[in-house]
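The values are calculated or read from the model by the stated rules, or taken from the named source; none is laboratory data. Quick caveat, the model's predicted, so the values are computed rather than measured. Cβ placement follows ideal geometry from the backbone for every residue including glycine, while neighbour counts extend to all protein chains displayed. Calculation scope for accessible area: heavy atoms of the full protein, side chains included, ligands and nucleic acids excluded. Shrake-Rupley method; radii C 1.70, N 1.55, O 1.52, S 1.80 Å.
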Amino acid sequence: MHAAMGEITASELETRLREGEKLSVIDVREPDEWESGHIKEAVSIPLSVFVERVGELNGMEEPLYMVCRSGNRSGKACDYLSAQGYEVVNVLGGMLSWPGEVETGN
């Protein structure tokens, strides 16, 4: 049985975080992309090592908001997690359409 899978725009997500909502945001881009600019509240779990590190999602508040550069890789991660029974939301447009501030470095 697949769990629920939703979608949100990057600007909707930014508004909700700015208003102080505590959301679980997972960034599936590679480390070099993460270091060049990411959402402050996000956790980095690159898609290339996602299956090995999926256990790190245990205990995180669902739904999990998945973000990448454009929404393509995060969509793959959503498909995978949904099949495992997680409640997930894909961030449409990814970091390319993120209107808020970003943090750089690790």
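Could you work out the relative contact order of the chain? I mean the mean sequence separation of Cα pairs under 8 Å and 6+ apart, divided by the number of residues, in percent.
Numbers: 201 pairs, mean separation 44.5, N = 106.
Rounded, it is 42 percent for the chain.
Rounded to two decimal places and with Rh computed the Kirkwood way over Cα pairs, what is Rg over Rh for region 40-81?
0.91
Between Arg16 and Met60, what is the label-point separation in nm under the 7 Å Cα-to-beta-carbon projection?
Going from the Met60 label point to the Arg16 one covers 1.4 nm.
Got the relative contact order for region 8-47 handy, in percent, Cα pairs under 8 Å and 6 or more residues apart? Before the final figure, lay out each step's value.
On the way: 30 pairs, mean separation 15.7, N = 40.
That works out to 39 percent.
Across 10 Å bins from 0, what is the distribution of all Cα-Cα pair distances for region 7-65, in whole percents?
21, 52, 27, 1
Roughly how many nanometres apart are two label points built 7 Å out from the Cα toward the Cβ at Ser44 and Glu103?
Each label point lies 7 Å from its Cα, and together they span 1.1 nm.
When the Karplus curve 6.51 cos²θ - 1.76 cosθ + 1.60 is applied with θ = phi - 60°, which whole-Hz ³J(HN,Hα) does each residue of region 9-15 get, with x for Gly and Pro?
The phi angles translate into 7, 4, 6, 5, 4, 4, 4 Hz.
What are the extents of the Cα atoms of the chain along their three principal axes, in Å, largest first?
Its Cα atoms span 37, 27, 24 Å along the three principal axes.
Around Glu87, under 15 Å between beta carbons, what's the net of Lys plus Arg minus Asp minus Glu among the other residues?
Neighbour charge sum, excluding Glu87 itself: -4.
From largest accessible area down, sort Glu33, Glu21, Glu61; use a 1.4 Å probe on the protein chains.
On the way: Glu33 40, Glu21 75, Glu61 130 Å².
Ranked list, largest accessible area first: Glu61, Glu21, Glu33.
Quick one: among Glu56, Glu14, Glu35, which has the greatest mean-square fluctuation in a GNM of the chain with alpha-carbon springs under 10 angstrom?
It is Glu56.
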